[in-house]
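Reviewing the structure listed below.
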Amino acid sequence: DGESISKVVRLTQGNIVSSAVDIVKTLEAYNFKPVVAISAVDDSESEHLNLVAVTQTGARLYFSTGSGDANQSGSQRPQYLTLLHVRMPPGFTSNASVLKPKHVHSAVYENGSLVMVCSGSGGEAETLWCLSRVMP
């Protein structure tokens, strides 16, 4: 009805980190905490992903919701939230430069693009990271 709010599911940081480590066995748990931003994923972008969370290291955690009913209609409220996919932080691939985000403190995700603001250390300026699945 759009007039009320109710708790559907609760995931602790420990639950999220444990699920992420199960998916990406090559990264230490500290890469998946704390979560600094959560953004909705538009229906037009994905049928299966509903939320993306960004951690302080820049890891992206993609979540899905559902009702558990095989005959679910689009208007049925979700009953669960589960981690489906993890994207490693920038700079954690074998062919990447040594640059990696440090201390992400703000992020926004929309339509396949992510903007992260990272704190500088030791007097360094803040850094803006822009990641996109589509480059112009």
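Bear in mind that the values in this text are calculations on the coordinates, not laboratory data. It should be emphasised that the depicted structure is a prediction, and the values quoted were computed from it without experimental measurement.
Please grab the % of Cα pairs in segment 1-55 that end up more than 12 Å from each other.
Every Cα pair in segment 1-55 considered, those over 12 Å come to 74 percent.
What list of ³J(HN,Hα) values in whole Hz, one per residue of segment 107-115 in order, does the Karplus curve 6.51 cos²θ - 1.76 cosθ + 1.60 (θ = phi - 60°) give from phi, with Gly and Pro shown as x?
Listing the rounded values in order: 7, 9, 10, 7, 6, x, 10, 10, 10 Hz.
Going by amide H atoms built from the backbone, whose H comes under 5 Å of the H on Tyr80, apart from near neighbours?
Gly66
Determine ³J(HN,Hα), in whole Hz, for all residues of segment 44-55 in sequence, where each value follows from phi through the Karplus function 6.51 cos²θ - 1.76 cosθ + 1.60 and θ = phi - 60°; x replaces Gly and Pro.
For segment 44-55, the Karplus curve yields 5, 8, 7, 7, 10, 9, 10, 9, 10, 10, 10, 9 Hz.
Just to check I understand the Karplus step: with θ = phi - 60° and J = 6.51 cos²θ - 1.76 cosθ + 1.60, what whole-Hz values come out for segment 12-17, glycine and proline as x?
Per-residue couplings from phi come out as 7, 4, x, 4, 5, 4 Hz.
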